[in-house]
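The values are calculated or read from the model by the stated rules, or taken from the named source; none is laboratory data. Please read these numbers as outputs of a predicted model, since none were measured by experiment. Backbone-built Cβ (ideal geometry, glycine too); neighbour counts: all protein chains shown.
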Amino acid sequence: MIRLSEPTALHRIDRRIQGQFAEHLGRCVYEGLWVGADSPIPHRNGIRTDVVQALRHIKVPVVRWPGGCFADEYHWLKGVGEDRQPMVNSHWGGVVESNEFGTHEYFELLQQLDAEAYINGNVGSGAVAEMQDWIEYMTLDSTTPMAELRKRHGREQPWKVEFFGVGNESWGCGGNMLPLHYANQYRQFQTYVRNYSGNRISKIACGANADDYEWTDVLMARAGEHMDGLSLHYYTIPTGEWSTKGSATDFDDHGWHETIRQTLRMEELITRHSAIMDKHDPAKRVGMIVDEWGTWYDVEPGTNPGFLYQQNTMRDAVVAALNLNIFHRHADRVRMANIAQMVNVLQAMLLTDGPRLVKTPTYHVFDLYSDHQDAQFIPVAAGALGAHADATVSRKDDAYTISVTNWSLERLFTAEFELGGKVTEVLRAQLLHSDRPTAHNTFDAPETVALGDLPVQVDGRRVRFDLLPHSIATVRLGQPA
Ligand code: AHR
């Protein structure tokens, strides 16, 4: 029995922890989001209506764009106006990037999703003036050349840019820099990321690759005062080895448990990076932004290796839930996270095939977790539910939301919680489960893994429900404050 305390002086779970990432990579932007004005696939202003409808349902709060590695090769001027300039997408399959989807189309997407902007600027191959001009183009309400250019391209009013990343993976694809060199680059570039016309940009510096603690230390020491956020990238690779990642759908019990073990490493990474950030920033002014996370497997057989297209099973659902639980526990420092990626790439919410669309098991986890957005966090100690289960609990609008994951492959888990007062109503009780851990949704069988109703026993302050092996549940309970 887990007794839930009242949420006194505890942190809020920022809704942006459920943020998304959409890169010009494979079929994420083109086909996944953007089909263009002439497409027979239903769309509004070129953006797929089925995708927008599905993503609105899970309340996507923020979308990071245009990369990823692509960001440090992106020259935004090629993607505005009538005369779009193609380029080679050298990181991702060497295909031709038409630049048909650019700044205006991105903001159209955000408007349709009702989501915030998180734009990643180009430090690796870009110039300070180019970044400065982009900010001016997007956010300045004036008669300067950049503001006038935006107007000529059909947008009179500036947009809001809430978050701006200054380079991506600058230790790798974004320029192969050493930490001190990047810290200096960051200091210089961010100077010109200005707040115009009432817009307030949160500046995000490129953070560490997984356990590179030195990177965090140098960045916080040398540039911490100039940033609002510092990123962290960590992907779950079942084997822990990039050369032998393994299949998304064909795995055994060992593959299941190893994947979960690799995922749970996120707790240690965040704890240790947080401790370094605390040393330089005890007031926790600078947010940790986990702007790339999720599973990374071998691509689906027969698909372009540069497109990172992978299927998504109950294993991915468990990975998503466990990562979100970790972010909730550290939400005093973790202010945003962006799963990689939103459509058709890596651990996607949605997969598309021409006009067809499937929601992945990961999508359903984001659905199950949507009530945690901006709720007060209520602590449940890691390990409190035993070796194969984990939970996250929050309170908002006089209701408790309890999400529990059982990652045992054999055992049923009975969840028992006691609230501070009598439960008045069961507002939601759903289970994500399938008979096989490898179960996934295909275009021919899109409902193989779907949310189902969950029986819940309520007795005064107490609530009890059973989780089948490899399943995830959310129960939302009404309880007056
Ligand atoms: O998400 C795919 C890639 O992974 C991103 O482009 C890059 O930042 C990371 O290495």
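Are there any pairs, at least 6 apart or on different chains, whose C-beta atoms fall under 6 Å, with the first in the range 297-309 and away from the ligand (no atom under 14 Å from the Cβ) and modelled with pLDDT of 95 or more and the second among the aromatic types (Phe, Trp, Tyr) and in a loop (DSSP other than H, G, I, E, B), and if so, which?
Listed by first residue and then by second, the contacts come to Glu300/Tyr309; Thr303/Tyr309.
Only residues that are buried (at least 23 other Cβ atoms within 10 Å of the Cβ) and either within 10 Å of the ligand (Cβ to nearest atom) or part of a strand (DSSP E or B) (or both): list them for the range 71-88, please.
Within the range 71-88, Ala71, Asp72 meet the criteria.
Matching residues to (1) within 21 Å of Ser247 (Cβ to Cβ); (2) outside any helix (DSSP H, G or I); (3) of a type in the set (S, T, N, Q):
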position: Gln311; (1), (2), (3): yes, yes, yes
position: Val318; (1), (2), (3): yes, no, no
position: Ile326; (1), (2), (3): no, no, no
position: Val345; (1), (2), (3): yes, yes, no
position: Leu368; (1), (2), (3): no, no, no
position: Ala384; (1), (2), (3): no, yes, no
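For the range 267-296, which residues satisfy the criterion of being within 16 Å of the ligand (Cβ to nearest atom) and more than 18 Å from Asp14 (Cα to Cα)?
Leu269, Gly294, Thr295, Trp296
Output the number of residues of the range 18-37 satisfying the condition of being more than 13 Å from the ligand (Cβ to nearest atom) and assigned to a loop (DSSP other than H, G, I, E, B).
The initial filter retains those residues of the range 18-37 that are more than 13 Å from the ligand (Cβ to nearest atom), namely 18-19, 27, 30-37.
Among the residues that remain, those that are also assigned to a loop (DSSP other than H, G, I, E, B) are: 27, 31-33, 35-37.
Matching residues across the range 18-37 total 7.
Can you name the residue in the range 443-461 that is of a type in the set (D, E, K, R) and not in a loop (DSSP other than H, G, I, E, B) and is also nearest to Pro355 (Cα to Cα) among such residues?
Within the range 443-461, the subset of a type in the set (D, E, K, R) is 444, 447, 453, 459, 461.
Add one more test, that the residue is not in a loop (DSSP other than H, G, I, E, B), and what stays is 453, 459.
Details: Asp453: 29, Asp459: 47 Å.
Top of the filtered list is Asp453.
Would you be able to say whether some residue in the range 443-451 is closer than 19 Å to Met314 by Cα, of a type outside the set (A, V, I, L, M, F, W, C) and in contact with a Gly (Cβ under 9 Å, 6 or more places away or on another chain)?
Step one: of the range 443-451, the residues closer than 19 Å to Met314 by Cα are 443-451.
Then keep just the ones that are of a type outside the set (A, V, I, L, M, F, W, C); that gives 444, 446-448.
Applying the additional criterion that residues be in contact with a Gly (Cβ under 9 Å, 6 or more places away or on another chain) yields none.
Scanning the range 443-451 turns up no residue that is closer than 19 Å to Met314 by Cα, of a type outside the set (A, V, I, L, M, F, W, C) and in contact with a Gly (Cβ under 9 Å, 6 or more places away or on another chain).
Could you check the range 418-446 and list, in sequence order, the residues that are among the hydrophobic types (A, V, I, L, M, F, W, C) and at pLDDT below 95?
Within the range 418-446, the first condition is being among the hydrophobic types (A, V, I, L, M, F, W, C), and the residues that meet it are 419, 423, 426-427, 429, 431-432, 439, 443, 445.
Leu419, Val423 - these are the residues of the range 418-446 that are among the hydrophobic types (A, V, I, L, M, F, W, C) and at pLDDT below 95.
Got at least one residue in the range 210-217 being surrounded by 19 or more Cβ atoms within 10 Å (Cβ to Cβ), over 21 Å from the mean Cα position of the chain (by Cα) and more than 30 Å from Ser408 (Cβ to Cβ)?
Kept after step one, since they are surrounded by 19 or more Cβ atoms within 10 Å (Cβ to Cβ), are these residues of the range 210-217: 215-216.
From what is left, the residues that are over 21 Å from the mean Cα position of the chain (by Cα) are 215.
Restricting the remaining residues to those that are more than 30 Å from Ser408 (Cβ to Cβ) gives 215.
Yes, there is a match, as at least one residue in the range 210-217 is surrounded by 19 or more Cβ atoms within 10 Å (Cβ to Cβ), over 21 Å from the mean Cα position of the chain (by Cα) and more than 30 Å from Ser408 (Cβ to Cβ).
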